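Novice: Below is one structure. I have some questions about it.
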Amino acid sequence: MLITSYNPNSTGDTMVLIMNPDVGEQSVTIHDKVARIFAADSNQTLGYNFLEASKVLPEIVHENGQVHLTEDQVTRLNQYLGDHGFPADIRYDNQPKFVVGYVKSVEDHPKANHLQITKTDIGTGKDVQIVSGSPNMREDIRVVVALSGAMMPDGQIIWPGKLRGVESDGMICSGRELGLPNAPQVPGALILPDDYQVGDAFDFHKAQHLFD
């Protein structure tokens, strides 16, 4: 996965790339205007900070927030890394991170009264298990699923994990969490109309009018 952000107003000309979740023991190598963050035991790259990003990708100066890198941009970043003694290990990722899901089953969480365990179809042929605290959660609804590797509008990153001891892979989102105009500012999954197709990338542009 690849999560990229560039916020010149708060971090200057630094572009942040996240490739894997944080681990307990991390190390950092910094030289030639790049910081590589990696797992101390396995040497797996967790991410990079390009400290003068516009010198590698001049067009980046027009961005502010999450950046969806093109395949060509990833190639240029890897070229820079390789030329300066870093692993050229950034992988292009164009898979949608917000998709339409269908809640097939819901059961109570054994250790938390306000949580439920869902089995949700996201169109891949394999249902995902997501723990949800939405008070309106039920079977037979279409919802928006933020997959692992998604960056929410508020900057939160979704990773696989456990909620009160139960595995959860992704998040079923509310309109508020998705930043949709006029969305109710209360907890509750966004229930989509039937014209949203399971497995499709969630169309944020179309959804701008869901709460008109």
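Novice: If you average the sequence gap of Cα pairs under 8 Å that are 6 or more apart and divide by the length of the chain, what percent do you get for the contact order?
Specialist: Averaging sequence separation for qualifying contacts and normalising by length gives 15 percent for the chain.
Novice: Assigning unit charges at the beta carbon (Lys, Arg +1; Asp, Glu -1) and nothing else, what dipole magnitude in debye, to the nearest 20, does the chain show about its Cα centre?
Specialist: Computed charge dipole of the chain: roughly 340 debye.
Novice: Taking the Cα-to-Cβ direction at residue 51 and at residue 208 and moving 7 Å from each Cα, how far apart do the two end points lie in nm?
Specialist: Label-label distance for residue 51 and residue 208, simple model: 3.9 nm.
Novice: Rounded to whole Å, give me the distance from the Cα center of the stretch 57-96 to that of the stretch 176-210.
Specialist: 30 Å
Novice: Count the lysine pairs in the stretch 98-208 whose Cα atoms sit under 22 Å apart, keeping only pairs 8 or more residues apart in sequence or on different chains. Walk me through the numbers on the way to the answer.
Specialist: Working: 104/119; 104/126; 104/162; 111/119; 111/162; 119/162; 126/162.
So the count of such lysine pairs works out to 7.
Novice: Let me ask you something else. Given points 7 Å out from each Cα along the Cα-Cβ axis, report the residue 104 to residue 138 separation in nanometres with one decimal.
Specialist: Rounded to a tenth, the inter-label distance reads 2.1 nm.
Novice: Return the long-range amide H neighbours of residue 67 (sequence gap of 5 or more, or a different chain), with a cut-off of under 5 Å between placed amide H atoms.
Specialist: Under 5 Å from the amide H of residue 67: 4, 5, 6.
Novice: Using the Cα centre as the reference, give the magnitude of the dipole from point charges on the C-beta atoms of the stretch 98-208 (Lys, Arg: +1; Asp, Glu: -1; all else neutral), rounded to the nearest 20 debye.
Specialist: It comes to approximately 280 debye.
Novice: About the Cα centre of the stretch 3-84, what is the dipole size in debye to 20, counting +1 per Lys and Arg Cβ and -1 per Asp and Glu Cβ, all else neutral?
Specialist: 100 debye
Novice: Work through the residues other than residue 27 whose Cβ is under 15 Å from its Cβ and net out their charges, Lys, Arg +1 and Asp, Glu -1. Intermediate values should be presented prior to the final figure.
Specialist: On the way: positive: 36; negative: 22, 25, 41.
In short, -2.
Novice: Continuing with this model, one more query. Around residue 46, what is the net charge, scoring Lys/Arg as +1 and Asp/Glu as -1 over all other residues with Cβ under 14 Å from its Cβ?
Specialist: My count for the surroundings of residue 46 gives -2.
Read-outs throughout are calculated quantities, based only on the coordinates presented, and are distinct from any laboratory measurement. The model shown is predicted, which means the values in this text are computed figures rather than measured ones. Please note: Cβ atoms are built from the backbone with ideal geometry, for glycine as well, and neighbour counts cover all protein chains shown.
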